[in-house]
Amino acid sequence: MATKPDFQDRIATILTRVGLTRNSYRVTPGLYGVGTPDQDSPVLVTANYKLSFDTLRFALDGIDAWILVADTRGINVWCAAGKGTFSSEEIINSVKETRLAERVTHHRLIVPQLGATGVSGLHVKKQSGFSVRFGPVRASDLRPYLQDNYQADESMRSVTFKLQERLVLIPVEFYLVWKPLAYICVGAFLLSGISPSLFSISAAWQRGLFAVAATLTGTLCGSIIVPIMLPWLPGRHFWLKGLWPALLSGILFVLLTLKQFSPYEQMALVFWMTAVSSFQAMNFTGCTPYTSPSGVEYEMRRGIGVQMTLAALGIVLWLVAPFIG
Amino acid sequence: MKNFRYIPNTATLSLDVNTCIGCGNCQIVCPHRILTVVEQKANIVDSDGCMECGACAKNCPVEAITVTPGVGCAAAIISQWINRITGRETIKGCC
């Protein structure tokens with residue numbers, strides 16, 4: 001296998017990050033080689049998500065090694081380990097199906113540390129005869145790890161969540177919500193037209209645009225500003241973190257529309273965008289490497305009530321405003 | 001992960017020191033470095049740093065560590081709630 005990305009790899013990576021090909025970007029499970037591996041070369045285990053596979057092979061430029069690709073149905077190592085597809089059983093099967101014992105004499109597997117959630121080294125050893133060494137978290141640390149006789153220091157064993165790592169997750173956030181967003185926008189136009197004269201098309205259009213703008217602003221706040229500003233936004237609960245950027249946008253919005261809108265309508269739009277932002281921020285928990293399920297459930301029990309109240313207040317105020325304004 | 005802290009006192013991680021044999025597997029696999037082995041016994045040095053991934057428990061040879069593992073994802077929890085109420089299987093998390 002090549003250890004440098006070609007043009008096709010780069011384009012396909014972008015499409016996958018955006019979300020279009022995310023669920024079908026796979027490689028065939030099995031045994032691959034980089035460089036000219038022999039019976040003494042290390043065996044590195046990975047998932048059959050092509051982004052994972054590519055990250056691994058590009059990190060091995062100039063190294064002779066085997067890559068054992070487990071069938072995780074196109075999901076990355078950590079998520080697959082959490083779901084049980086990157087598992088002891090799957091690795092045991094892969095070792096047997098590829099007849100790995102006939103290729104190498106050392107009987108050692110290097111499994112990514114984040115695979116440990118689904119893989120028991122002891123179980124794999126018992127069933128396959130291959131011992132498991134948990135390698136570094138990131139493939140980019142494999143070179144020093146291999147050179148240093150399979151030693152990983154503390155930094156290689158720690159997950160990080162740097163700005164760059166947060167930025168690459170943003171496009172998918174949008175891809176996942178475009179459908180509900182489209183429905184909400186249609187609903188926003190319809191609700192905005194309800195007026196004392198039953199239904200006003202001009203109001204539907206004019207007020208609807210602002211309702212849609214508020215929805216999009218909330219989404220932008222929750223899915224772009226929150227990921228970028230994550231370490232600096234006040235509050236540990238994500239639904240709280242989502243409130244601040246939307247409230248700031250809301251204040252700006254109120255100042256800009258003082259003449260156009262009644263206070264009821266302004267309040268309605270601010271409440272609505274804050275609810276949307278808070279909800280989107282809460283959904284970002286799934287993308288971070290430090291939120292525990294107990295913690296997420298704990299914050300959701302508090303956050304969802306607030307979000308629903310804000311959203312309901314927003315909708316009611318928006319609906320009654322034409323009648324009392 | 002010192003610059004990202006989540007909600008304190010929620011993690012379900014616990015360690016039975018009497019059962020622990022000090023093999024150090026948990027210390028190797030923990031992605032948040034919250035377990036260390038001192039004098040043949042593991043210690044939880046930062047339980048609020050735990051994200052309940054379950055890697056330590058999975059690789060403990062004597063089952064001294066217990067944790068309710070899962071993915072810390074709002075979408076997954078919403079789908080669990082829906083499943084509990086309606087019995088229908090919706091999305092299975094986001095990744």
* If each residue's Cβ is checked for other Cβ atoms within 10 Å, how do A:T217, A:T117 rank with the fewest at the top? -> A:T217, A:T117
* Structure fact -> Filtered hits (lysines, Cα-Cα < 29 Å from A:K126, offset >= 8 within chain) -> A:K83, A:K96, B:K41, B:K58
* To do: Taking the Cα centre of segment A:163-324 as origin, sum charge times position over the Cβ atoms of Lys and Arg (+1) and Asp and Glu (-1), and report the length of that vector in debye to the nearest 20.
  => 100
* **Residue-averaged 222 nm ellipticity for chain B, from DSSP H runs of 4+ at -39500 (n - 2.57), nearest 500** => -6000 deg cm²/dmol
* **Likely footprinting exposure, A:R133, A:R301, A:R17, fewest C-beta neighbours within 10 Å first** => A:R301, A:R133, A:R17
* Asked: With the contact rule set at Cα under 8 Å and sequence spacing of 6 or more, what percent relative contact order holds for chain A?
  -> 12
* For the protein assembly as shown, share of DSSP beta bridges that run antiparallel, in % to the nearest 5 -> 60
* Pairwise label distance in nanometres, B:S47 with A:I224, each label 7 Å out on the Cα-Cβ vector -> 4.2
* In degrees from 0 to 90, rounded to the nearest 10, what is the angle of the helix A:263-283 Cα long axis to the longest principal axis of chain A? -> 10
* Structure fact -> Counting only DSSP loop positions in segment B:1-66, the GluC sites (Glu not before Pro) whose Cβ has at most 10 other Cβ atoms within 10 Å are B:E39, B:E63
* For the residues A:K241, A:K126, A:K83, what sequence is obtained by ranking on other C-beta atoms within 10 Å, fewest first? -> A:K126, A:K83, A:K241
* Take chain A, connect every pair of alpha-carbon atoms lying under 10 Å apart with a spring to form a Gaussian network, then pick out the residue of A:P42, A:P227, A:P289 with the largest mean-square fluctuation. => A:P289
* **Theoretical ellipticity at 222 nm over chain A - DSSP helices of four or more residues, -39500 (n - 2.57) apiece, nearest 500** => -17500 deg cm²/dmol
* To do: Determine the shielding of peptide B:51-63 by partner chains: average, over its residues, the number of Cβ atoms on other chains within 10 angstrom of each Cβ.
  => 6
* Report, to the nearest 10°, how far helix A:170-192 tilts away from the longest principal axis of the Cα atoms in chain A, using its own Cα long axis and a range of 0 to 90°. => 20
* **For chain A, projected area of the alpha-carbon convex hull averaged over all directions, nm²** => 19.5
* Structure fact -> Whole-percent tail of the Cα-Cα distance distribution for segment A:68-154, cut at 17 Å, equals 47
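The numbers here are math on the coordinates, done by the rules we state, and not lab data. Worth saying up front: this structure is predicted, and the values here are computed from it rather than measured. Using ideal geometry, Cβ is built from the backbone for each residue, glycine included, and neighbour counts are taken over all protein chains shown.
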